[in-house]
Amino acid sequence: MYNSPTISRRSFGRMSNHTIDEIRRWVPERCIQGGNSPNSCCAQCGINHEARDFMRATELHLLDHFERHDKFIEFMKNHEFIDMGRYETMVTNIEKFQKEERNTQENNASRIISLRNVCSHLADDNGENIIPKTKGCEECEKEHAEWIALRLCIACGHVGCCDSSKGMHATKHFVNTKHPVIVALPDKQWKWCYVDKIYG
């Protein structure tokens, strides 16, 4: 059974005590016993926003896996919450894309495979000329933190750091706003749809 508090607690525990320094650094600062880390909690609401966003991103990742489980699909089917014909078509197209992408990587090809005919978010993309709101990751700049790579939200121009960065602010922006598509900066070589989990 999906248990959000238990999963979050285990995730924090395992990552906090991990043998690899880089993974330990992913765990956000926390308020310990309510006062040992006064700068880590919001002065207005009292919540550690970094920890909250980290948990939202973690649980979104877990939900993505949960939604692909056979029992979840069976439940949706039994309650007529899913159009199996369209769903199976989407799954088939994504599997084809993933297979083609693997073949492309194995052959060292440089092209990006487009699935605009599968993903409505990429098909409706009008964000080619979207202007970034900031030069770097908006949240990392406020936190005086470093990032590895940047992603641009084509819905609003928000610039966030990638999932290889400690902040994962691009993914957190999607969790908070539901804006589905990001583009890689600075060259905009590829796009990613968080909803359909495909490149374009």
Within a Cβ distance under 14 Å of residue 86, other residues only, what is the Lys/Arg minus Asp/Glu net charge?
-3
Which GluC sites (Glu not before Pro) from the range 127-200 combine a DSSP loop assignment with at most 11 other Cβ atoms within 10 Å?
128
5 Å is the cut-off here: which amide hydrogens, built 1.01 Å from N in the peptide plane, fall below it relative to residue 134, excluding neighbours closer than 5 in sequence?
159
Accessible area of residue 187, 1.4 Å probe, to the nearest 10 Å²?
100 Å²
In terms of solvent-accessible area of protein heavy atoms at a 1.4 angstrom probe, what is the ranking of 70, 21, highest value first?
70, 21
Highest mean first, how do 60-68, 161-169 rank when packing is the count of other Cβ atoms within 10 Å averaged over residues?
161-169, 60-68
Order 19, 177 by their accessible area, 1.4 angstrom probe, all chains in place, largest first.
19, 177
Under a Cβ-Cβ cut-off of 11 Å, what is the net charge of the residues other than residue 158 that fall near it, where Lys and Arg count +1 and Asp and Glu count -1?
+1
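The values are calculated or read from the model by the stated rules, or taken from the named source; none is laboratory data. It should be emphasised that the depicted structure is a prediction, and the values quoted were computed from it without experimental measurement. Cβ atoms come from the backbone with ideal geometry, glycine included; neighbour counts cover every protein chain shown. Accessible surface is based on the protein model in full, side chains and every heavy atom, while ligands, DNA and RNA are left aside. Shrake-Rupley method; radii C 1.70, N 1.55, O 1.52, S 1.80 Å.
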